[in-house]
1. Between copies, how close do the B:D250 label points come, placed 7 Å along Cα→Cβ, listed in nm from shortest?
2. Report the GluC sites (Glu not before Pro) located in the range B:79-148 that are in a DSSP loop and have at most 16 other Cβ atoms inside 10 Å of their Cβ, or state none.
3. Which whole-number percent gives the relative contact order of the range A:256-345, counting Cα pairs below 8 Å spaced six or more residues apart?
4. Treating each Cα of the range B:1-145 as an identical point scatterer and ignoring solvent, apply the Debye formula and state log10 I(q)/I(0) at q = 0.10, 0.16 Å⁻¹.
5. According to the square roots a ≥ b ≥ c of the eigenvalues of the Cα gyration tensor, what is the shape class of the range A:78-160, taking rounded for a/c under 1.5, prolate for a/b larger than b/c otherwise, and oblate for the remainder?
6. Return the long-range amide H neighbours of A:V172 (sequence gap of 5 or more, or a different chain), with a cut-off of under 5 Å between placed amide H atoms.
7. Could you give the length gained by full extension between B:K396 and B:S279, i.e. 0.36 nm per residue of separation minus their alpha carbon distance, to one decimal place?
8. How many nanometers, to one decimal and shortest first, lie between the label point of B:Q393 and those of its other copies, if labels sit 7 Å from Cα toward Cβ?
There are 2 protein chains.
Amino acid sequence: MFSENHKTAGVAYPQGFTAAGVRAGIKKNGNLDVAVIYTEKEAAVAGVFTKNLVAAAPVHLSKIVVGTGTAHAIVANAGCANACTGEQGIRDAEKMAEIAAKELNCRADDVIVASTGLIGSNLPMDKMENGIKAAVKELSREGSVNAGNAIITTDTYSKACATEVEIGGKEVRFGAIAKGSGMIRPDMATMLCFITTDADIDQKLLQEALKDATEVSFNMISVDGDMSTNDSVVVLANGAAGNKKIVARDADYLKFFETLKNLCTELAKRIAADGEGASKFLTINVTGAETFADAKKVGMSVANSPLVKTAFFGQDANPGRTICAVGYSGVKIVPEKISIKFGGLTVYDKGLVTKFDENAMRKILAEHDIVVDIELGLGDAQATVYTCDLSFQYVKINADYTT
Amino acid sequence: MFSENHKTAGVAYPQGFTAAGVRAGIKKNGNLDVAVIYTEKEAAVAGVFTKNLVAAAPVHLSKIVVGTGTAHAIVANAGCANACTGEQGIRDAEKMAEIAAKELNCRADDVIVASTGLIGSNLPMDKMENGIKAAVKELSREGSVNAGNAIITTDTYSKACATEVEIGGKEVRFGAIAKGSGMIRPDMATMLCFITTDADIDQKLLQEALKDATEVSFNMISVDGDMSTNDSVVVLANGAAGNKKIVARDADYLKFFETLKNLCTELAKRIAADGEGASKFLTINVTGAETFADAKKVGMSVANSPLVKTAFFGQDANPGRTICAVGYSGVKIVPEKISIKFGGLTVYDKGLVTKFDENAMRKILAEHDIVVDIELGLGDAQATVYTCDLSFQYVKINADYTT
């Protein structure tokens, strides 16, 4: 699954979807910045959005579209978040949907809207209008790569995925494009993910599947309860695969859910690995917790520690910082029951930082991918959190974002 | 108050206290690393310690000493935190107290012990023994500066304070030395603060006063619920001022408390200003909250945002990041009621990022001290949080701490 062939097809890999990305002049650097994804056949739509109380205008609008249960298109831009823009922002987001709807010959409330970029600026609507019109003209089965590039900001590459699964004798396809959220922390910039599928599935089940899949994927890279103003994960399911409609939590639903979950996890990992300025990809496995929530809390505490992140950037073996972050996670841990491994090598065991082979550790810390195992010794629950290191480059990127 | 003269006297400014700091070879760079503070007259002792479940050995020991209600001395070292060191760590901390007690001719449970530095290493006890013996020999009224330098790690300077207040016709003196906690965040390194006073005060009231003072000072720079393994704030009150003993929450107590609180606030601000790699000192005033807890939560959310901190480092006016951090603070805010100012200049008002004079803003952001005012428009409660920016230097310092 997730082959390179599929990747170029991305959101247009499922039957009945087309996509495009164009240059509208919204990004200062002149790169692609307006994307449209379209299905002529009406699709069931589901969405998970930021919980930030300062949600951006397009989020307010897209929630209404998800509320109608169906959609035909997604229109998105990068370079301007249309957040903290008040009434004007709402009008501009509505206008984005109206322009797209007119060009696509559908209703405005069938168009999901998303924006990412600088907070507090108004959208340049003339450029936007020209951009949307141009994108609609370019819609094609090959347009996903451009659409993916049109939604990125500080990402070093566009994240795209595609896969298929057999459901009731039919091939059901999935595709997705996503952009990262700066360094992966609750207080970082926007994450956007647009997923398409030709599965035929009840809208309520689609919403439940997306919510559950998000919980164990995007929410494990710390973009959940404390989301940015614009975070949005949206899925369109147009039923073009012709499978028997999924209307209950049966075997077909489980196959659908597993595929969706794996797709989301794959994208979440890529987003974490491409965190701003990242030089390392860290997988934090927490086992032996009493509950999943506890395991996640411990993992997030470690993943969010600047001291842990800078130590891995510096390839510096500093298990004290990791156990320290476990200790203040808010979970009732018992230091004497905990063991911690970096790359399979024990660095902390039952209350003590252990002696380890320094040469072997040097090799582990020189790798790009590093696995941190934390066994709490309290129960059977577990969770895996993904993050990246904290580098000079992160500070540089974020010290002059607006200028 | 807090004059330079007083500062050099520091913890030895109150009557009956002496101090010393020596080189014991525990710090790799050969700097001062063992400190002793002593009062021949028995002192009431109070302490506030880390809530981290992975507390260091000296913290466990010092809590017992505080439990006895009295103390004669504090012995502290930098360079090695004696944390995650198990039984051996407890034995070493006990041994530190025993060595000091023998030299000072007091009981071992009259000696507060503190360590800061690398987590997971055992104390070099030979060096420690020689260091404590040498420090005790050097105890003097002039020794506070050396004691202050002996407890710092990555601080760029030692924090010291001294002041006095008239209580019941007597001059009551206070002195303190403190070290910072890396960049000021819940998951940062150790904060230590040792306060001396010649006030005569009931031990239980002393503990209450210290707890309340800590709540509005050190805990407002984000070293509270999520403290490091070693954080300790300790006060010794030896009664040498000869004031009528404070035994109730009367006018004398209030004078004592106010002075202690101001001293703690002054030190907390200096610690925040000297955060690792800091180039800016940020004061975040949150007003118009429904409760103090809400105001603090909003302030901490802004103060802890890497995006806000890097923007101030880059002298980049980015109000969107500030309102974003307000939005995900967990407090039920209403964006349309909020206004935000940087250096007195409105940057966000009632749901909108506002236009502001860019030249004036450039001047404000070029200053070392920047005040951020956040009015929530919901109630009468307020809180002030202190923090610093996030710079290249922070990453550099923490990327190779152990090496």
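No value in this document is a laboratory result; all are computed from the given coordinates. For clarity, every value in this text was computed on a predicted model and none was experimentally measured. Every residue, glycine as well, gets a Cβ built from its backbone with ideal geometry; the counts of neighbours run over all protein chains shown.
1. 8.3
2. B:E142
3. 21
4. So the normalised log intensities work out to -0.31, -0.82.
5. oblate
6. It is A:V165, A:E166, A:I167, by chain and number.
7. Difference between extended and current length: 40.7 nm.
8. From this label point to the equivalent ones elsewhere in the assembly: 2.5 nm.
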